[in-house]
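The values are calculated or read from the model by the stated rules, or taken from the named source; none is laboratory data. Bear in mind the structure is a predicted one, so any value in this text is a computation, not a measurement. Side chains included, ligands, DNA and RNA excluded: accessible areas come from the protein's heavy atoms. Shrake-Rupley method; radii C 1.70, N 1.55, O 1.52, S 1.80 Å.
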Amino acid sequence: MREQTPMNSGDRLVRIGGIVFVLGAVATLVTVAPLFLGTTPFPVHMFLLSMLMGVGFLIAAVGVLRTAADGRRAAREAASAAAEDRTGDRAGERAAAAQAASGSGR
């Protein structure tokens, strides 16, 4: 069975943005079709539904930016934890070296 990674809020926003974008694309096709077919155009609210493409794109872009920020934050926390580990090891080495130099390590 395949392991799934947990979905964070950025991933969820990207998925929602994609769905809204597709709905806007369908609304655009439905709205433009009568213009090419020579039939009566749809009312204004159908043209407003076409704006969902842009809204969906913006929602997905916010999700991508949020995911990137989460990744940077996690990398920064990992780097600071690694730096603390290295600093802690060096402090222990310095204490041992100072103890050995003073001769009290016998």
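Note on the range 1-86: with neighbouring protein chains present and a 1.4 Å probe, carbon and sulfur make up 71 percent of its accessible heavy-atom surface.
Quick check for you: with a 1.4 Å probe and neighbouring chains kept, what is the accessible area per residue of the range 2-51, in Å²?
On a per-residue basis, the range 2-51 sits at 77 Å².
If you look at the Cα atoms of the range 1-59, you get an Rg and a Dmax of 16.1, 53 Å. Find how much the distance from Ala74 to Leu58 grows on full extension, using 0.36 nm per residue of separation minus their present alpha carbon separation; answer in nm with one decimal. Result: 3.3 nm gained on full extension.
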